[in-house]
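Beneath this line is the structure, given in C-alpha cells, with notes to follow.
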Amino acid sequence: MELSIFVNIAIIIGLLAFAVLCIYLIFTVSKIRDLVIKLQEDISELNRNAIPLVENLKIISHKVKNISENVDDQITILKSSVESIRDMTDNIVSFEKKVQYEVEGPVMEAVSFVSALVKAVRAFVAKMKE
C-alpha cells in the first residue's frame with residue numbers, strides 16, 4: 001500500500017509539473033506570437049519606407065547619369081574649343097612670322113636707303129661748308 005501512495009504522489013507531481021510546463025509553454029508561445037506580430041509590423045513598415053527610398057535612389061541615379069553625360073558633353077565641347085584656340089594661335093603666329101618676313105626685308109632696305117641718303121646729305125653739306 002505504501003508503494004501505491006508514492007506512485008500516486010509521483011503521478012500527481014508529474015501531472016502538476018506537466019500542467020506548469022503547459023502553462024509556461026502557453027505564455028512562451030504567446031510571447032513568441034507577440035514577437036512575430038511585432039516583427040511582421042516592423043517588416044511592413046520597413047517595406048513602406050523602403051519603396052519611396054528605392055524610388056528616390058532610382059531618380060537620383062538617373063539624375064547623376066544625366067549630369068555625368070552633360071559633363072562629358074561639356075568636356076568634349078571644351079576640348080574642341082581648346083583645339084580651335086590652339087589652331088587659331090598657331091595661325092596667328094604663322095601669320096606674324098610671314099608678315100615679319102615679308103615686311104622686314106623692304107623696311108630694312110628703306111632704312112638703309114634713308115640712312116645712306118642722310119649720310120650723303122651730310123657729306124654734301126660738309127663739302128659745301130668747306
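No lab work stands behind these numbers, since they all come straight from the coordinates. Treat the numbers as computed from the prediction; the structure is a model and nothing was measured. For neighbour counting, all protein chains shown are included, and Cβ atoms are generated from backbone atoms with ideal geometry for every residue, glycine included.
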Self-check item: Two-site label geometry, Ala123 and Lys38: point separation in nm, points 7 Å out along Cα→Cβ
Solution: 12.1
Quiz item: With θ set to phi - 60° and the Karplus curve 6.51 cos²θ - 1.76 cosθ + 1.60, what are the ³J(HN,Hα) couplings of segment 4-11 in order, to the nearest whole Hz, using x for Gly and Pro?
Solution: 5, 5, 5, 5, 5, 5, 5, 5
Quiz item: What do you get when you divide the Cα radius of gyration of the chain by 2.2 N^0.38 Å, with N the number of residues?
Solution: 3.82
Quiz item: Once phi is turned into ³J(HN,Hα) by the Karplus curve 6.51 cos²θ - 1.76 cosθ + 1.60 with θ = phi - 60°, what whole-Hz value does each residue of segment 124-129 show in order, with x for glycine and proline?
Solution: 5, 5, 5, 5, 6, 6
Quiz item: When the Karplus curve 6.51 cos²θ - 1.76 cosθ + 1.60 is applied with θ = phi - 60°, which whole-Hz ³J(HN,Hα) does each residue of segment 18-33 get, with x for Gly and Pro?
Solution: 5, 5, 5, 4, 5, 4, 4, 5, 4, 5, 5, 5, 5, 5, 5, 4
Quiz item: How much net charge surrounds Lys38 when only other residues with a Cβ under 14 Å from its Cβ are counted (Lys, Arg +1; Asp, Glu -1)?
Solution: -2
Quiz item: Rounded, prolate or oblate: which one fits segment 7-73, using the alpha carbon gyration tensor with axes a ≥ b ≥ c (rounded when a/c is under 1.5, else prolate when a/b beats b/c, else oblate)?
Solution: prolate
Quiz item: What FRET efficiency, computed as 1/(1 + (r/R0)^6) with R0 = 22 Å and r the Cβ-Cβ distance, is obtained for Val107 and Asp87, rounded to the nearest 0.05?
Solution: 0.15
Self-check item: Pairs of lysines in segment 29-130 (C-alpha under 28 Å apart; 8 or more residues apart or interchain)
Solution: 5
Quiz item: Once the other residues with Cβ under 15 Å from the Cβ of Arg122 are scored (Lys, Arg +1; Asp, Glu -1), what is the net sum?
Solution: +2
